[in-house]
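The values are calculated or read from the model by the stated rules, or taken from the named source; none is laboratory data. Note that the structure is a prediction, hence the values are computed from the model and not measured. Methodologically, a virtual Cβ is constructed for each residue, glycine included, from the backbone with ideal geometry; neighbour enumeration extends over all protein chains shown. The protein model used for the area step is the full one, side chains on, heavy atoms only, and it has no ligands, DNA or RNA in it. Shrake-Rupley method; radii C 1.70, N 1.55, O 1.52, S 1.80 Å.
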Amino acid sequence: MGSGSFFGFTQSNYFSSMQSAIPLTPDKPIAQWFRDAKLGIFIHWGIYAVKGVAESWSFFRGDISHQEYMSQCAGFTASKYDPAAWAQLFKEANADYAVLTAKHHDGVALWPTAHSHLNVVQQTPAKRDLLGPWVDAMRANGIRVGIYFSHLDWNHPDYPSLLPDNYDPSVHNNPFAYPKDGVAKPEQWNSFLRFHRAQLEELSKRYRPDLFWFDGSWEPAHKHWKFAELDQLLRTWCPGVVLNSRMGGYGDYETPEQGMPTTPPKGNWEFCMTLNDSWGYQPKDKNYKSIRQLVRMFAEIIGMGGRLLLDIGPRADGTIPGVQKRLLRQLGDWIRLHQEAVYQTGAGLPPGLFYGASTLSSDKRCLYLFLFDRPWKEIAVKGILSGIKRVSLVNGDQTLSHRIIGGAPWMNVPGVLWIDVPAKSLHPLATVVKIELEQPLQLWLAEGQVITAN
Ligand code: FHN
């Protein structure tokens with residue numbers, strides 16, 4: 001058996017980590033539902049949907065005035081908000097969990113918080129808790145509940161009270177983030193931190209989320225947030241809760257965003273991405289990804305051992321744009337046709353053995369290959385030492401002919417597996433080939449049989 005390695009892995013420890021999302025280092029303990037989850041729906045919904053502007057950022061960076069941005073409160077009606085319909089759509093997408101922006105950087109809470117008047121109950125025509133009914137609808141449909149919470153709060157009077165360690169008055173001069181007079185006010189910051197904790201305790205005890213999705217810890221240095229303390233508080237308030245690592249590296253999993261990873265993050269991870277280029281509802285943004293691109297990105301993410309958090313931006317009335325509903329339904333249709341390759345699987349082959357994505361069943365006896373391009377006739381897989389029992393298509397179970405070419409069996413160097421994939425059998429979005437193995441997958445990862453003694 002080869003003694004090669006992959007990213008410093010020797011043969012043995014590569015597979016010892018294959019039970020779950022591929023941890024290149026021992027992964028932290030995390031709820032099994034999250035380990036099993038493959039698709040989440042991210043929802044950026046807030047007053048920014050009224051004018052269709054960038055969430056929070058549009059006033060922070062001066063696209064529009066703060067006054068104009070906040071005037072959107074008057075138009076945030078949620079008049080057609082139907083969280084049960086959202087849940088039904090997410091089930092059609094085959095989503096395992098959903099994450100809703102309970103409070104973005106603008107500080108506007110979607111729930112009746114007792115710690116601030118800046119909430120949709122008191123400040124908008126919605127005049128009701130929008131978070132609670134959403135939590136209930138998700139749970140009624142077996143969808144795990146994630147609450148997005150922005151640490152920073154550009155509308156809270158006590159937030160702009162610290163200076164960064166590398167303070168430069170010509171750079172750090174946004175009054176929503178830093179003290180106007182350039183003088184740090186630690187007592188004011190402590191007051192903000194009490195508010196920050198109070199809202200999180202409120203959310204924890206009132207809604208018992210399965211997951212907190214934190215964001216916005218980049219302004220004050222992490223030491224000021226006391227994240228180690230927060231990590232413990234949250235797990236006390238909400239036992240079993242999953243925490244993302246946007247809390248100074250504490251938390252349970254990594255969250256690469258928008259740019260597709262080419263190397264899987266360490267431990268547990270989730271990739272979050274927009275359908276177009278905007279997190280919230282921005283009708284001018286027509287740059288939607290195609291369903292073929294979404295299927296490919298989903299397959300590549302799960303093939304690296306991660307999960308995808310796919311974002312939508314509902315309108316101010318609570319309706320979801322048709323193009324977004326269509327893409328979610330198309331993705332769900334594809335997943336359902338190929339679900340044995342998606343669920344109860346972990347990361348597949350390391351790069352270079354097959355030119356596509358792949359996943360491996362939890363018993364390591366089934367390897368699933370995701371074909372994104374139209375093969376001329378055959379596809380090839382290198383490095384498989386295990387015997388091949390059968391090769392078939394996941395969608396339709398058609399047996400595919402295959403053969404092994406080359407190899408140096410006298411030195412236990414495997415040949416290349418070639419598989420015939422008939423053009424008429426291809427799925428227009430992505431085709432999945434199943435390789436059933438005689439024994440759990442064993443790979444040969446080495447430099448090839450270098451002959452030096454001839
Ligand atoms: O600033 C936010 C942004 O508005 C959006 O919420 C994304 C979603 O992951 N998070 C931050 C940027 O990384």
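Please state which one of V120, V108, V99 is within 16 Å of the ligand (Cβ to nearest atom), within 14 Å of F76 (Cβ to Cβ) and β-branched (V, I, T). Even if it seems obvious, please write down each step before you answer.
Working: V120 fails: within 16 Å of the ligand (Cβ to nearest atom); V99 fails: within 14 Å of F76 (Cβ to Cβ).
Result: V108 is the single residue among V120, V108, V99 that is within 16 Å of the ligand (Cβ to nearest atom), within 14 Å of F76 (Cβ to Cβ) and β-branched (V, I, T).
Which residues, taken from the stretch 138-174, are part of a helix (DSSP H, G or I) and open to solvent by 20 Å² or more (accessible area, probe 1.4 Å)?
Applying the first criterion (part of a helix (DSSP H, G or I)) to the stretch 138-174 yields 138-140.
Correct list: R139, A140.
I'm checking my understanding of the structure. Among residues of the stretch 55-90 that are open to solvent by 60 Å² or more (accessible area, probe 1.4 Å) and under 21 Å from D277 (Cβ atoms), which one is nearest to the ligand (Cβ to nearest atom)?
W57
Regarding the stretch 133-149, can at least one residue be identified that is charged (D, E, K, R) and more than 18 Å from Y81 (Cβ to Cβ)? Lay out the reasoning, then the answer.
Taking the stretch 133-149 and keeping what is charged (D, E, K, R), we get 136, 139, 144.
From what's left, more than 18 Å from Y81 (Cβ to Cβ): 144.
Within the stretch 133-149, one or more residues are charged (D, E, K, R) and more than 18 Å from Y81 (Cβ to Cβ).
For the stretch 220-246, what are the residues that are closer than 20 Å to R144 by Cα and hydrophobic (A, V, I, L, M, F, W, C)?
L234, W237, C238, V241, V242, L243
Hey, among the residues in the stretch 251-270 that are under 19 Å from F227 (Cβ atoms) and either more than 16 Å from the ligand (Cβ to nearest atom) or outside the structural domain of L211 (by TED's automatic domain parsing) (or both), which one's most open to solvent (accessible area, probe 1.4 Å)?
K266
Starting from residues that are touching a Phe, Trp or Tyr at 6+ places or on another chain (Cβ under 6 Å) and assigned to a loop (DSSP other than H, G, I, E, B), keep the ones in the stretch 271-285 and report whichever is nearest to the ligand (Cβ to nearest atom). Reasoning before the result, please.
Initial filter on the stretch 271-285 (touching a Phe, Trp or Tyr at 6+ places or on another chain (Cβ under 6 Å)): 272, 275-276, 280.
If we keep only those that are assigned to a loop (DSSP other than H, G, I, E, B) as well, we get 275-276, 280.
Working: L275: 13, N276: 14, G280: 8 Å.
Only one residue fits best here, namely G280.
Look through V183, V241 and report the one residue that is in the same structural domain as D96 (by TED's automatic domain parsing), touching a Pro at 6+ places or on another chain (Cβ under 9 Å) and either open to solvent by less than 60 Å² (accessible area, probe 1.4 Å) or over 28 Å from S278 (Cβ atoms) (or both). Before you say what the answer is, go through the steps one by one.
Details: V183 fails: touching a Pro at 6+ places or on another chain (Cβ under 9 Å).
Of the residues listed, the single one that is in the same structural domain as D96 (by TED's automatic domain parsing), touching a Pro at 6+ places or on another chain (Cβ under 9 Å) and either open to solvent by less than 60 Å² (accessible area, probe 1.4 Å) or over 28 Å from S278 (Cβ atoms) (or both) is V241.
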